[in-house]
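Worksheet: one structure, shown below.
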Amino acid sequence: MKKILVTGSNGQLGRAVNAMYAGNTNIEIMNTDVAELDITNTHATMELIKEVKPYAIINCAAHTGVDACETDADNAYKINAIGPRNLSIAATNVGAKMVHISTDYVFPGNGIKPYTEFDATGPQGMYGKTKLAGEDFVKEFAKDYFIIRTAWLYGDGNNFVKTMLRLAETNDTIKVVGDQFGTPTSTSELAKIIDTLIWTDNYGLFHGTCEGSCSWADFAKEIFRLAGKSTVVHAITTAEYPTPAVRPAYSVMDNYMLKLTTDYVAADWKDAIAHYVRML
């Protein structure tokens, strides 16, 4: 039986990983969230992983508050950089594979075509900077690792889809940013990408999103259409909806390495959101 240690197990991706492996008698999942394991605590992380000796560690833990990271940089670096460093060192010590989840925010967000794993990074905000530092630590300290960058995640938990549906209950019209483009990605689809890689020696950096792209406003329109809501979406500009952290105008990613090295093709974002809405 293979032991897989999941950090951030109460989050959307952690739940998706658990759902994917539920009932699999060949896999034992050890779930940890901050109450069970503070990945920023070097000693505690080393001791627990030394005790468990997992086949793989899937790091779903992160400080994902993009705006909060701007004023909470120390904590963001601890969770998004020091945490992955600790896990990577511990993974190498026990011979475990390291799966680390990163983000589209490592790019400058001013592209005109989908970013591949070979494109230069250039994060504009503290969230992206701390996540890129985490990537660098994984590369430095983990022997066998998969870094998977993803974007616009939704699953079992609080997310954009549920926010839109909640707002639709009390609003006939809603304003949504229409000049930021990315790829809505289902956590169940990302979990499948993790599963595609984790049993292999196909190590390295990967992008892991659904296929296709849209704006946030287009995403909201599709959610309402699928849910049978009559709420009208008015697309606004980023300038009309200022936030403490800079959002990337264009952060569409190409799963280029997956296509080059595996047979797996992720679902189109429209197919994935249709399945998700049906299951709500």
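The values are calculated or read from the model by the stated rules, or taken from the named source; none is laboratory data. Small disclaimer: the values here were computed from a predicted structure and weren't measured. Don't worry about glycine lacking a Cβ; one is built from the backbone with ideal geometry, like all the others, and counts go over all protein chains shown. Only protein heavy atoms, including side chains, enter the accessible area calculation; ligands, DNA and RNA are left aside. Shrake-Rupley method; radii C 1.70, N 1.55, O 1.52, S 1.80 Å.
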## Note on the structure
To the nearest Å², the heavy-atom accessible area per residue of region 1-109 with 1.4 Å probe amounts to 42 Å²
#### Entry: Average Cα contact separation per residue, the chain, under 8 Å, 6 or more apart, as relative contact order %
20 percent
### Sorted peptide list for 87-99, 104-116, criterion being average Cβ within 10 angstrom, highest first
87-99, 104-116
### Summary
For residue 192, counting only lysines whose alpha-carbon sits under 24 Å away and dropping same-chain residues fewer than eight positions off, the answer is 2, 3, 53, 97, 131, 139, 143, 162, 259, 270
### Message
Explain nothing, just the number: dipole magnitude of the chain about its Cα centre with +1 on each Lys and Arg Cβ and -1 on each Asp and Glu Cβ, in debye rounded to the nearest 20.
### Response
280 debye
### Task
Taking amide H positions as placed in the peptide plane 1.01 Å from N, state which residues far from residue 147 in sequence (5 or more) or on other chains have amide H under 5 Å from it.
100, 204, 205, 206
### Task
Rounded to whole Hz and in sequence order, give me ³J(HN,Hα) for region 83-95 from the Karplus expression 6.51 cos²θ - 1.76 cosθ + 1.60, θ = phi - 60°, writing x for Gly and Pro.
x, x, 4, 4, 5, 5, 4, 5, 4, 4, 4, 10, x
#### Entry: Solvent exposure of region 123-200 as accessible area per residue, Å², 1.4 Å probe
40 Å²
### Summary
Helix-only [θ] at 222 nm, the chain, -39500 (n - 2.57) per DSSP H run of 4+, per residue, nearest 500, equals -11000 deg cm²/dmol
### Message
Give me the percent of accessible area attributable to carbon and sulfur for the chain, probe 1.4 angstrom.
### Response
51 percent
### Candidate values (i) 181, 70, 35; (ii) 55, 39, 38; (iii) 68, 47, 46, label of the one derived for Cα extents along the principal axes in Å
(ii)
### Query
Under the definition of Cα pairs under 8 Å and six or more residues apart, what whole-number percent is the relative contact order of region 1-57?
50 percent
### Residues of region 211-250: accessible area per residue with a 1.4 Å probe, Å²
54 Å²
### Query
What relative contact order, as a whole-number percentage, does region 98-138 give when Cα pairs under 8 Å and 6 or more residues apart are counted?
49 percent
